[in-house]
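I have placed the structure first, in the form of structure tokens, so that the comments after it can refer back to it.
Bear in mind these aren't lab numbers, they're just calculated from the coordinates by the rules spelled out. What you see is a predicted model; the values in this text were computed from it and never measured. Methodologically, a virtual Cβ is constructed for each residue, glycine included, from the backbone with ideal geometry; neighbour enumeration extends over all protein chains shown.
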Amino acid sequence: MYKNLVEELLDIFVVVHLLQTLCVQAMLRKADTDKSSDISFAEFVEYMREHERKLRLAFSDLDCNKDGKTASLSLFYNC
Ligand SMILES: [Ca+2]
């Protein structure tokens with residue numbers, strides 16, 4: 001029984017690691033706007049600004065009454 005649980009957990013860890021790797025690769029591709037295969041500080045800052053802008057838009061959608069806060073239920077139900 002424990003062997004099956006351990007095997008299942010290992011499978012989950014492998015999948016999570018694979019997803020993390022894919023997310024990092026996707027982030028690097030998006031941030032590397034000059035396609036130099038590395039991320040300059042300027043590219044990193046621009047990527048983070050765009051990411052922050054998207055986070056602000058997502059938060060704004062959840063902040064139904066626009067008071068700068070969101071209720072926990074707003075995270076599950078659309079206003
Ligand atoms: Ca670059």
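Observations on the structure shown:
- A simple spin-label model places the labels of Leu57 and Phe44 2.5 nm from each other, with each point 7 Å out along Cα-to-Cβ.
- Per-residue Cβ neighbour rank within 10 angstrom, fewest leading, Tyr47, Tyr2: Tyr2, Tyr47
- Total formal charge among the other residues, if their Cβ is under 12 angstrom from that of Lys30, Lys/Arg +1 and Asp/Glu -1: -1
- The alpha-carbon positions of the range 2-63 define a convex hull whose volume is 115 Å³ per residue.
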